[in-house]
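Working notes, structure below.
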Amino acid sequence: MSWRVWIDRPPPREVAIPDDVELTDDVADADAVVVGADGAWDADACGRLPRLKVVARSGIGYDNVEVAACAAHGVAACNAPDAPTVSTAEHSLALLLAVSKRLKPAERQLRGRANGRSSPGHYRATHRALELDGRTLGLVGCGRIGRRMARYTTALGMRVLVHDPYLDVSDTAELGEPVTLDELWRNSDAISLHAPATAETRRLVDAASIAAMRPGVIIVNCARGSLIDHDALLAGLVSGQIGGAGLDVTDPEPLPLGHPLLERDDVIVTPHVASSTTAGTVRLIGGALGQAVEWLRGGTPEHLLDPAAADPAVDRRRAS
């Protein structure tokens, strides 16, 4: 037996395709789909694809996949949570370093000098970067990516505070100091967000939380754009309460051209590319494809998101 799998972006050449899987550009008759973070996979999508048996998210977050609705249609949902860990943690660190070292305004000043608009020593005299050694990083969320970020920043000499309501204190103590969210806001020189997008985390960083933070705090977000109220973020930057921000995700995404956050020297915005390294892309597509194929072959994927999908009453693998 062979299956047809639709992938929402071309797989890298390094991904091994099982012999009994045919990749197709036509989603209409797909047995499986490998999807990214865009586009809703809900009851309507499942209802329009009569052969569909599994939706595999190529990454961690699956807020665009309605797991229960898929299961109700006999469609399994799974993800590939290990795939983007290294790439996203490295990108988070890169944004933290770029913002704290003020690389964006430094480059702008150098370009101004090249165009004769400033003296050779002007940018050296005015440049003021932040040294991270001895500073405190607050981690909101301490899953795979947050844990790696903790190790990176500890190696830089930073003190690490950790807040994750889904983990026991013993699970986070080895990476940093477990604290309440209020304590993290008050005591962090930089904050890195690694929480999922849920009703509880929506606008987690808002005017009230920003007011509770240390003046000049740096905020990094490589998780989901909905974690931050961007109007409050902009107000905090304008007032100086926030010293800078590094954002790989925004709300909306992408930000419209001319958005004030894109024009600021103290903000670096990248277009949701934290996981998009060569090795990371191979893991993303390969991991999701492997989960989908495991389901199609009658197994139980390691990262099956809802065991109800395997209920014999709704399991679509038994259909021809």
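Here the condition is being surrounded by fewer than 17 Cβ atoms within 10 Å (Cβ to Cβ) and either within 24 Å of Pro301 (Cβ to Cβ) or among the polar types (S, T, N, Q) (or both); of Ala30, Ala68, Ala80, Ala37, it holds for Ala68 alone. When the range 81-109 is limited to residues that are at pLDDT below 95 and small (Gly, Ala, Ser), the one that is farthest from Ala288 (Cα to Cα) turns out to be Ala106. Could you grab me the full set of residues in the range 264-281 that are hydrophobic (A, V, I, L, M, F, W, C), surrounded by fewer than 17 Cβ atoms within 10 Å (Cβ to Cβ) and not in a loop (DSSP other than H, G, I, E, B)? Residue satisfying the conditions is Ala279 alone. Criterion applied to Asp29, Asp19 was being over 21 Å from Ala279 (Cα atoms), in the same structural domain as Val282 (by TED's automatic domain parsing) and in contact with a Pro (Cβ under 9 Å, 6 or more places away or on another chain), and the one residue passing it is Asp29. Candidates are the residues of the range 188-214 that are in contact with a Ser or Thr (Cβ under 6 Å, 6 or more places away or on another chain), of a type outside the set (Asp, Glu) and at pLDDT 95 or above; the one that is surrounded by the fewest Cβ atoms within 10 Å (Cβ to Cβ) is Arg202.
Residues in the range 1-13 that are assigned to a loop (DSSP other than H, G, I, E, B) and farther than 28 Å from Arg224 by Cα were compared, and the one that is farthest from the chain's Cα centre (by Cα) is Met1. The C-beta contact set for the range 1-26 (first residue at pLDDT below 80, second residue in a strand (DSSP E or B) and acidic (Asp, Glu), distance under 7 angstrom, 6+ apart or interchain) comprises Ser2/Glu22.
Among the strands (runs of 3 or more DSSP E) confined to the range 21-139, the ones with at least 2 residues that are touching an Asp or Glu at 6+ places or on another chain (Cβ under 8 Å) and of a type in the set (Val, Ile, Thr) are located at 32-35.
To keep it simple, each residue is scored yes or no on (1) assigned to a loop (DSSP other than H, G, I, E, B); (2) aromatic (Phe, Trp, Tyr); (3) closer than 28 Å to Lys104 by Cα; (4) touching a helix residue (DSSP H, G or I) at 6+ places or on another chain (Cβ under 6 Å).
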position	(1), (2), (3), (4)
Pro215	yes, no, yes, no
Ala235	no, no, yes, no
Ala245	no, no, yes, no
Pro252	yes, no, yes, no
Pro256	yes, no, yes, no
Gly290	no, no, no, no
Glu294	no, no, no, no
Ala308	no, no, no, yes
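Scanning the range 177-187 for residues that are under 21 Å from the mean Cα position of the chain (by Cα) and either part of a strand (DSSP E or B) or surrounded by fewer than 17 Cβ atoms within 10 Å (Cβ to Cβ) (or both) yields one hit, Leu181.
The values are calculated or read from the model by the stated rules, or taken from the named source; none is laboratory data. Predicted, not measured: the structure shown is a model, and the values here were computed from it. Heads up, the Cβs are rebuilt from the backbone with ideal geometry, glycines too, and the neighbour counts pull from every protein chain shown.
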